[in-house]
Each structure stands twice: as structure tokens, then as C-alpha cells.
Amino acid sequence: MASLAESATERGKLRTALAGLAVAGISISAYLAWVHFAGIDPLCVAGSDGCDTVQSSQYASVLSVPVSVLGLAGYTGLLFASVLKGEAGAYLVLLLALSGTLFSTYLTYLEIFVIEAICQWCVASAAVITAALVCATLRVVGLPTHR
Amino acid sequence: MTRTNAAGSRRVMIALTVAAAVLVTALLVALSQLEGGAGTGSSEELYSGIPQNGMTLGEADAPVMVSIYEDFQCPYCGQLSREVLPKVVQEYVRTSEVKLESRPMAFLGEDSLEAARAALAASEQDLYWQYHSLLFENQGAQNSGYVTGKFLDELAQQISGLNTIAWKNGLDSDAAGSELEKVRSEAEASGVNSTPTLVVSGPGGEKKLVGAKTFEEISAAIDTAGGS
């Protein structure tokens, strides 16, 4: 019983951490979506050249939807999934976090090798989604194996 | 359910989740590539049949003039050129309602200057706008030194009808230097201090649009300037 209770507490902590990471992701992508639609330069340490170049590159949108808006939708989904209890919530979080991390890896590859510019906000988002993947994996691994 | 069965079922669920995530990502990457490839190779078709005179595109007697103050290295100018201007050309320039005038400012660095000189050399043959589109479609990282002689040559070779020998001779001409100086003075006089800035003027008045505007915003300014 003690270990079951400990495990439930652990899963609760992971859900809280995931919700926190989702809120951080929502903040980053909402800011980038706002600067995109307002047509202004994103604030970046040491100038905004890299962010400008990445945000206005031809890879900054998928079928005319800005990547920041896709991120906003993904992180919002992650927030809702992270508060869901049970297996369904755990697997949904894993699906969103893994998809986000893989797509983020592709975007980072484009930044380094194709666009040749780094956007600090995108790096921050990549770090957030990778941390979310770690938490999502721990949550699935921690699911009870007997009923 | 036994512990072994539950563990097996978990492995299946994890495998399904990973497969679904890979599929979602592959779809996003494919769509992103589709977007990345779009827009290139279409400038010939876009400008086909539209008169050009130096840096001006469109019929000389078009009632509305849209002057675009831009820098070939400015990312938002690139965004405007790739995503919005083609629609303005199709809807307004091709129908002789608007003429577009590019005002290259070349203030961001050496790459801007070299790119502007190359575009101005193409303007001597009234092929400025084809070169303009190619420069923005192939825009690199700011002040990375991407605007090399080889880069400019490769763009020139993509423009059908451009005499590349005459174009090369025009690269270092004094005319390009004085044209850029003229644009700089005009920008200063008009209070233009950032790119892109669009000045939309016509019988209905004049409006200045600062930043990467949408087609709808530019369209509204054109309609007002046109007096409608």
C-alpha cells in the first residue's frame, strides 16, 4: 500500500511538472505568434537578427500556418492531457511530447544547417518539449502494472 | 489481468504511441518541405507580360503607386516579397490599377549593398523585379557574407532574357551608387527609417505602412489611395 501511495504521489508530481512545462511552452509560442502577427522584431539577447531570420524564413509556416501557432496548439493540448489522470492521459501526453520533440529536432536541424541562424525562443521551446518528453516517459514507466 | 499480460499490453501501447508520433512528425515535415519549395521558380510567370521600367513594375499610367523601401537582407522584407507581393502583382499590377516601385536602401551591411547593386544592374535591362524576387527567395543569414560573386552570377543565370555580360559590366557602375544615394535621401525626406516601409499614393491620398503588412492591409490602403 505504501509503495502504491508513493507511486501515486510521484505521478501527481509528474503531472504538475508537465502542466508547468506546457504553460512555459504556451508562453513562448504565444509570444512568437504575437510578434509574427504584429510584424515586429522578437526580443533576443544580443540582438534579434537570428530570431528575425528564423521567424521570417520560408520554413516558419506549415501550409500558411505559422509554426508558433502550431506550437501554441500543441502545448495547449499538452496542458489538457497533463491534467488527465490514468493511462489515457499518460499515453496522450507521451504522444504529444514525442511528436513535439521530433518536430522540434527537425526545426533545430533547419536552423543550424539550412537557415543558418539560431532563434533563442525556438531553442527555449526545444528545451521545454524535451523536458516534457522526459516527464511523459517517466509517467508511462510509472503506471501500475497490475489491476 | 496478470502482471506479465499488463507489461505486454504496455509495450504494445508504447509502440503504438511512438509509431503515431513518428507519423505525425513525418506529416508535418513533409508539409513544411512543401511550403519551403513553394514560391521558387515562379517569378518568370509572375512578371510575364507586365511592363518594367528600371525599378518600376506596371503600367506607367496606373493611378496608384506603391513605393517599397526595403533591404535585400531584411527578413521581413523577404517575407513580404515571398508571401504578399505576388498577390498584389496578380490582383492590382496585372490589372493596371497599381504600379510598384522598389526603393532599395542597403543599410544593413555589405551583403545588402552588393545585392542592391546586382539588382540595379538588372534594372538596366528592365529585369529588376525578376532579380528582386530571386534575391528574396534565396535570402541568407544577415551579414554572413552569403552575397558572393558566385551567388549573384547564379541568380543572374536563372533570368531568361538577361544579357549576363552587360549585367556584369553594370555591377560596379557609378549609376548604381548614385541611385542608392538618391533612395537614401528620399527615405530620409519621407521619414522612412525602417524596412519594409510601403508608401501607397494615389488620387485618394497617401498612406505609409511600416512593417510586414498583410495583403488585406495593403489592399485597403490601395483602395483608399485609389479613391474608392
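Only the coordinates and a few stated rules stand behind these numbers; no lab work does. Being a predicted model, the structure only gives us computed values, none of them experimental. Positions of Cβ are backbone-derived with ideal geometry, glycine not excepted, and every protein chain shown enters the neighbour counts.
Normalised by the number of residues in region B:98-228, the average gap of Cα pairs under 8 Å and 6 or more apart makes the relative contact order 21 percent. Size descriptors for region B:12-149, from the alpha-carbon set: Rg then Dmax equal 19.1, 70 Å. Summarising the strand pairing of chain B, around 70 percent of its internal DSSP beta bridges are antiparallel. Given +1 at the Cβ of Lys and Arg, -1 at the Cβ of Asp and Glu and no other charges, the dipole of the protein assembly as shown around its Cα centre is 2640 debye to the nearest 20. In sequence order, region B:168-184 has phi-based couplings of 5, 5, x, 4, 9, 5, 5, 4, 5, x, 6, 5, 5, 5, 4, 4, 4 Hz under the Karplus curve 6.51 cos²θ - 1.76 cosθ + 1.60, θ = phi - 60°, and Gly or Pro positions carry x.
For the listed peptides A:60-68, B:192-200, B:20-28, B:116-124, a ranking on the average number of other beta carbons within 10 Å per residue, highest first, reads B:116-124, B:192-200, A:60-68, B:20-28. Using only side-chain charges placed at the Cβ, +1 for Lys and Arg and -1 for Asp and Glu, the dipole size of region A:14-147 relative to its Cα centre rounds to 760 debye. The residue list A:F103, B:Y47, B:A225 was ranked by how far each Cα lies along the charge dipole of the protein assembly as shown toward its positive end, using unit charges on Cβ atoms, and A:F103 comes out on top. Between the beta carbons of B:A26 and B:K87, assuming R0 = 35 Å, the FRET efficiency works out to 0.70 to the nearest 0.05.
Between the helical axis of B:128-137 and the dominant principal axis of chain B, each derived from Cα atoms, what acute angle in degrees is found, rounded to the nearest 10? The answer is roughly 20 degrees. Residue exposure proxy: A:Y59, B:Y47, B:Y69, A:Y109, ordered by other Cβ atoms within 10 angstrom of their Cβ from fewest to most, comes out as A:Y109, A:Y59, B:Y47, B:Y69. The mean number of partner chain beta-carbon atoms within 10 angstrom of a residue's beta-carbon across peptide A:98-109 is 4.
Converting phi to 3J(HN,Hα) with the Karplus coefficients 6.51, -1.76 and 1.60 and the offset θ = phi - 60°, region A:101-117 yields 5, 5, 5, 5, 5, 4, 5, 5, 4, 4, 4, 6, 9, 10, 6, 6, 8 Hz in sequence order, with x at every glycine or proline. Among beta bridges identified by DSSP and lying wholly in the protein assembly as shown, the antiparallel ones come to about 70 percent. Centre-to-centre separation between the Cα atoms of region B:180-228 and those of region A:81-147: 44 Å. The mean number of Cβ atoms from other chains found within 10 Å of a Cβ in peptide B:90-100 is 0, as a whole number.
For the peptide B:24-33, the mean number of other protein chain Cβ atoms found within 10 angstrom of a residue's Cβ is 6.
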